[in-house]
Amino acid sequence: MLSGWGRMSPAECEVVRPAAPSHLSDATAGTGTWIARGLGRSYGDQAVNAGNRVLDLTQMNCMLGFDAGTGVVECEAGVSLEALIDTFLPRGYFLPVTPGTKYATVGGAIANDVHGKNHHAVGSFGNFVESFRLMTAEGNLLDCAPDQNSEVFWATVGGSGLTGAIVSARVRLQPVETGYVTVDYERCKNLDDVLARAHDGDDRYQYSVAWIDCLAKGGSLGRSVLMRGNHTPLSGLPTALSGNPYPGTARRMAIPFDFPGFVLNAASIKAFNEVFYLRHHTRQGVVTDWNTYFYPLDQIKKWNRMYGKRGFAQYQATFPEESVNGIVRLLERLSATRRASFLAVIKRMGSPNAGLLSHPIEGYTLNLDLPNRSGLVDFLHELDRILLDHGGRLYLAKDVCAKAETFAEMYPRLGEFRAVRNRLDPNNRLASNQARRLKLVEVPA
Ligand SMILES: Cc1cc2nc3c(=O)[nH]c(=O)nc-3n(C[C@H](O)[C@H](O)[C@H](O)COP(=O)(O)OP(=O)(O)OC[C@H]3O[C@@H](n4cnc5c(N)ncnc54)[C@H](O)[C@@H]3O)c2cc1C
């Protein structure tokens, strides 16, 4: 049984674990459809293929080469972001872009063109992919780069695994002097306040994100804590830390069982939000290790159990700069329906890249975690409507239940994507539950 990280709609799949690229053609032989899977950190049904094959590529995890002059690493696609940090941070390199978890693979990071807290400054993961090797559904190996097979490159960056299996990739890391980030915290009294500060001040920071209290109402709607930072230079490390400029991963606690559904309710979430806001005062220059700043959730293993057996949805809504009042409408609906989000964050997004289905657009993105209570799917469709009315879009890595027509309206380059895909996969061998639901692939009659 496989599901995404949100654990909604698990499905039985045939899981195959090729241990090396040379096993891929056997792993995909025969009939039926297949889809690649990394560490299963997408939230919905993107790496699930009911009744069909799923290629778990996490055993394809060899480092293949590293150029210490340019910081370009070549690795198999199943290498995790954690392994890249563990290997290259002690050599003075960090990921150029990272999502809020290090338990994602390089293949997954490309297939979703993931973005991080520095999207406003540098864009998404695909911008740092020098090249990759793709095995198509027909079993051909294609080397792709922005200037080689570039159509396939930009269909694969953000293409949800639907152009083939990424076998290996060359990714440009960023040089850093330490494994610390110097963070400034600013309390913002409402949505206008946080958006204005992000708009005017983000350019001074490599990283910027705001936690947002999605239960606050009236004049406090959208009250937030902005958390912005830059990599700490060696000269900025306090003496106590200067002996160890590249700290390693900390030990993790685990949630040992599924919490009962009632634990996360509007009252407990309201209390959490209140405490979070009160604990985070405006203060400057807090030197924080990379693990704490980038991956707070990773510190609790299996934290998705907190939402109980029924799981949860993460809803990510990105609005163009000129339509930020859509965020107000979304927050008002949340507040009115008491569908509290335990963790909600908002961040400013920079320029998009050429990925045909890549998610980011310039504007603001809001992330909400919503427990799977009755009526959730209808509620998410209602939020999709608000998004559409404001020219916004949802994110495939987070989507669990969007309708095909909604997605098509949000992603104007879907037709181009389908054309490249159909050329690479004329027999429709690649598919996932999400791809069938959203009609990203031909659905058999
Ligand atoms: C706590 C948490 C925080 C997150 N924060 C962010 C964030 O800040 N920004 C963001 O953008 N995302 C974020 N995500 C989402 C996550 O980064 C993406 O879903 C990422 O793609 C997960 O990688 P994975 O290896 O687990 O891929 P999976 O979830 O296993 O698969 C995701 C997609 O990638 C495809 N895929 C995987 N490997 C390959 C391959 N080798 N070849 C071809 N296709 C492949 C799959 O077919 C599927 O379509 C977060 C997720 C979690 C759980």
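The values are calculated or read from the model by the stated rules, or taken from the named source; none is laboratory data. Keep in mind it's a predicted model, so treat the numbers as computed, not measured. Don't worry about glycine lacking a Cβ; one is built from the backbone with ideal geometry, like all the others, and counts go over all protein chains shown.
When the residues of the range 120-132 are filtered to those that are in a helix (DSSP H, G or I) and either more than 9 Å from the ligand (Cβ to nearest atom) or without any contact (Cβ under 8 Å) to a residue 12 or more places away in the chain (or both), which remaining residue is nearest to the chain's Cα centre (by Cα)? Explain how you work it out, then say what you get.
Residues of the range 120-132 that are in a helix (DSSP H, G or I), as a first pass: 120-122, 125-128.
Next cut, either more than 9 Å from the ligand (Cβ to nearest atom) or without any contact (Cβ under 8 Å) to a residue 12 or more places away in the chain (or both) only: 120-122, 126-128.
On the way: 120: 15, 121: 17, 122: 16, 126: 13, 127: 15, 128: 16 Å.
Across the range 120-132, the extreme among qualifying residues is 126.
What are the pairs, 6+ residues apart or on separate chains, where a residue within the range 231-242 that is under 21 Å from residue 174 (Cβ atoms) has its Cβ under 6 Å from a residue that is among the β-branched types (Val, Ile, Thr) and part of a loop (DSSP other than H, G, I, E, B)?
Listed by first residue and then by second, the contacts come to 231/176; 232/178; 234/178; 237/178.
Anything in the range 102-142 that is of a type in the set (D, E, K, R) and more than 21 Å from residue 366 (Cβ to Cβ)? List them, or say none.
Scanning the range 102-142 gives 102, 130, 133, 138.
Collect the residues in the range 297-341 that are in contact (Cβ under 8 Å) with a residue 60 or more places away in the chain, within 16 Å of the ligand (Cβ to nearest atom) and of a type in the set (A, V, I, L, M, F, W, C), keeping them in residue-number order.
Hits for the range 297-341 are 297, 312, 313, 317.
Has the range 353-373 got at least one residue that is among the small types (Gly, Ala, Ser), in contact (Cβ under 8 Å) with a residue 60 or more places away in the chain and not in a loop (DSSP other than H, G, I, E, B)?
If we filter the range 353-373 for residues that are among the small types (Gly, Ala, Ser), which is where we start, we get 354-355, 358, 363.
Subsequent filtering for residues that are in contact (Cβ under 8 Å) with a residue 60 or more places away in the chain retains 354-355, 358.
If we keep only those that are not in a loop (DSSP other than H, G, I, E, B) as well, we get none.
No, because not a single residue in the range 353-373 is among the small types (Gly, Ala, Ser), in contact (Cβ under 8 Å) with a residue 60 or more places away in the chain and not in a loop (DSSP other than H, G, I, E, B).
Identify the residue in the range 62-119 that is away from the ligand (no atom under 12 Å from the Cβ) and of a type in the set (Ser, Thr, Tyr) and, among all such residues, is surrounded by the fewest Cβ atoms within 10 Å (Cβ to Cβ).
For the range 62-119, the residue satisfying everything is 70.
Contact list please: Cβ distance under 7 Å, first residue in the range 253-277 and closer than 18 Å to residue 312 by Cα and part of a loop (DSSP other than H, G, I, E, B), second residue modelled with pLDDT of 70 or more and aromatic (Phe, Trp, Tyr), pairs at least six apart or on different chains.
255/303; 264/307; 264/342
Name the residues in the range 154-203 that are part of a loop (DSSP other than H, G, I, E, B) and within 16 Å of the ligand (Cβ to nearest atom), would you? Write out each step before concluding.
As a first pass, look at the range 154-203 and keep what is part of a loop (DSSP other than H, G, I, E, B): 157-164, 173, 176-179, 189-190.
Result: 157, 158, 159, 160, 161, 162, 163, 164.
Can you tell me which of 391, 415 is in contact with a strand residue (DSSP E or B) (Cβ under 6 Å, 6 or more places away or on another chain) and not aliphatic (A, V, I, L, M)? Walk me through how you get there before you give the answer.
Values: 415 fails: in contact with a strand residue (DSSP E or B) (Cβ under 6 Å, 6 or more places away or on another chain).
The unique qualifying residue is 391.
Working only within the range 296-321, note down all residues that are of a type outside the set (S, T, N, Q) and touching a Ser or Thr at 6+ places or on another chain (Cβ under 6 Å). Explain how you work it out, then say what you get.
Taking the range 296-321 first, the residues of a type outside the set (S, T, N, Q) are 296-298, 300-303, 305-313, 315, 317, 319-321.
Within the range 296-321, 298 is the sole residue that qualifies.
So, in the range 99-113, exactly how many residues are over 15 Å from residue 153 (Cα atoms) and among the charged types (D, E, K, R)?
Result for the range 99-113: 1.
Within the range 133-141, can one find any residue that is more than 12 Å from the ligand (Cβ to nearest atom), closer than 27 Å to residue 233 by Cβ and not in a loop (DSSP other than H, G, I, E, B)? Give the derivation first.
Start the filter on the range 133-141 by keeping residues that are more than 12 Å from the ligand (Cβ to nearest atom), which leaves 138-141.
Restricting the remaining residues to those that are closer than 27 Å to residue 233 by Cβ gives none.
No, the range 133-141 contains no residue that is more than 12 Å from the ligand (Cβ to nearest atom), closer than 27 Å to residue 233 by Cβ and not in a loop (DSSP other than H, G, I, E, B).
Which residue out of 339, 310 is crowded, with 17+ Cβ neighbours inside 10 Å, assigned to a loop (DSSP other than H, G, I, E, B) and of a type in the set (D, E, K, R)? Outline the logic, then answer.
Numbers: 310 fails: crowded, with 17+ Cβ neighbours inside 10 Å.
After applying the criteria, what remains is 339.
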